[in-house]
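The numbers here are math on the coordinates, done by the rules we state, and not lab data. Everything numeric in this text was worked out from a predicted model, so none of it was measured. Cβ placement follows ideal geometry from the backbone for every residue including glycine, while neighbour counts extend to all protein chains displayed.
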Amino acid sequence: MIENDYKYLIHNPSGNRKGAQEMFSIDIAKRARVFHRQIPGYRMTRLCALPELASMLGVGGIYIKDEAQRLILNSFKVMGGSFALYNFLKKKLGRTEDIAFDYLKSKECHDIVGDITFASATDGNHGRGIAWASQQLGYKCVIYVHNETSQPRIDAIRSYGARVEVVDGNYDDAVRKIAQDAKKYGWEIISDTSWDGYTEIPTWIMQGYTTILLEAQEQLAGMGISKPTHVFVQAGVGALAAATVGFYSALFPNDPPKFVVVEPDKAPCVFESIKAGDGKCHSIKGSLDTIMAGLACGDPSPIALDILNDNANIFVQMPDYVAARGMRILSCPLTGDPFIISGESGAVTLGALFTLKNPNCPEDLAKALALDEHSNILMINTEGNTDPVQFRKVIWDGLDPVPKKFTDIDIR
């Protein structure tokens, strides 16, 4: 038996759905979608079935929600950021009822709320979403990135009118720096991670992601699938993972899907925090040098961690080649399956499924996963080709190949 180079944690969640039901109820998801439908260019993204790959792996179905086609942003992040800006402006206006998107752009609205600069830290996609939403609504925007952020990601943010500042260190250093400078200059932080005293906006961001899940659930129902049996979801600070786990835990409180949370092995902050077992956030130090740039986070979001601790079942941390293999599987599908463009952070869940569904999977993990011919697995492709240079290195040049010792044991 060849020893695997990934780590896993089989978790016994409390099953306390209270937090999920309060934060991610179906009513909240419907309100989020009412707002998103007003955004120019909004349309439901596709849910892709991969029947041939499912047959190859011996599962009932694999379904990928393709957020690479979301608006013109090539990423899911705009759904959370735009909903947070919407709720922030509603609160600033002293309004509780739904407000039209066009009104938020109006002179009347701007005169009431005043001159606002929205600010955030990012690895790329969140900052681009905030920059785009700020531009759409007519507000200034400042985005901080760390010094390992690729130039194409920086250029994409700037293309929407935001000022970009490069900060020494990693993503978490950028978060700390923007918090300091926002206080100094009077900027309004729109962050997808929470900290002590800062939870409202990160909650709005997570709730904004539920539009994606509501769409997916309706699309599954249209295929005759009442709910997924398994949900594989990636985690950086944990916001998307918590929104996904929370939405399905609230929707099916008595019989939720099995939740598998996937992280890079160079930035497993959620994994290590759950493993500690004390309910606290634990940091991962260092450069967090992973090709999964959108997941390169050293500090989990406390409010997201609470949802995951209460409801998620399995946590895994995967090496970079797993994400690269996921990208290649999606870009070179089996005959009959759709072609999907995915970046590293978007493809790691499919790569993880492929890695886990082989004879080398540890017996206790295979039993906990309980994947069989009746399993219907939902995943989210969170990003498309957001870094063309890196994408070509992976797809064209074979960056981060699968180690040879593992190429002979996978399902054929």
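For region 90-111 and region 341-412, compute the distance between their C-alpha centroids and round to whole Å.
Measuring centre to centre over Cα atoms gives 43 Å.
If packing is taken as the average number of other Cβ atoms within 10 Å across a peptide's residues, how do 301-313, 237-249 rank, most packed first?
Most protected by this proxy first, the peptides run 237-249, 301-313.
Picking from N170, I329, Q217, whose Cα lies most toward the positive end of the charge dipole for the chain (charges on Cβ: Lys, Arg +1; Asp, Glu -1)?
Q217
Considering only DSSP beta bridges where both residues belong to the chain, give the percentage that are antiparallel (nearest 5).
In the chain, approximately 20 percent of DSSP beta bridges are antiparallel ones.
The chain: D in µm²/s via Stokes-Einstein (Kirkwood Rh, Cα pairs, 10 °C, 1.306 mPa s)?
75
Could you derive backbone 3J(HN,Hα) for region 178-189 from the dihedral phi with the Karplus parameters 6.51, -1.76 and 1.60 (θ = phi - 60°), listing whole Hz in sequence and x where the residue is Gly or Pro?
Result, ordered by residue: 5, 5, 5, 6, 4, 5, 5, 9, x, 7, 9, 7 Hz.
Taking the dipole about the Cα centre of region 77-198, with the C-beta of Lys and Arg at +1 and of Asp and Glu at -1, give me whichever of Y86, A182, G127 is farthest to the positive side.
Y86
Given the DSSP H assignment, sum -39500 (n - 2.57) over each helix run of at least 4 residues in the chain and divide by its residue total; what's the result at 222 nm in deg cm²/dmol, nearest 500?
-13000 deg cm²/dmol
Between the DSSP loop rule and a limit of at most 11 other Cβ atoms within 10 Å, which trypsin sites (Lys or Arg not before Pro) in region 281-353 are left?
K285
Throw me the Rg/Rh for region 77-198, computed over C-alpha atoms with Kirkwood Rh, two decimals.
Across region 77-198, the Cα-based Rg/Rh ratio is 0.97.
Using 0.36 nm per residue, how much length does the chain from S283 to F252 gain when fully extended, once their Cα-Cα distance is taken away?
8.0 nm
For the chain, what is the relative contact order in percent, using Cα pairs closer than 8 Å and at least 6 residues apart in sequence?
Computed over the chain, the figure is 24 percent.
What is the list of residues in region 338-360 whose amide nitrogen lies under 17 Å from a point 7 angstrom out from the Cα of E3, following Cα to Cβ?
Answer for this model: 360.
Which residues make up the longest stretch of the chain that has no GluC sites (Glu not before Pro) in a DSSP loop with at most 12 other Cβ atoms within 10 Å?
98-372
So how far apart, in nm, are the two label points at T199 and L334 if each is 7 Å from Cα heading toward Cβ?
Spacing of the two 7 Å Cα→Cβ label points: 4.5 nm.
Determine, for region 77-198, the count of lysine pairs separated by eight or more sequence positions (or lying on different chains) whose alpha-carbon distance falls under 21 Å.
Here the count comes out as 20.
Cut-off under 23 Å on the C-alpha distance; same-chain residues fewer than 8 positions from K18 excluded. Which lysines are left, in chain and number order?
K30, K227, K258, K275, K280
Counting only C-alpha contacts under 8 Å and six or more residues apart, can you give the relative contact order of region 115-236 as a whole percent?
23
Taking the Cβ-Cβ separation of R163 and H110 as r and a Förster radius of 25 Å, what is the calculated FRET efficiency to the nearest 0.05?
Working from the Cβ atoms, E equals 0.80.
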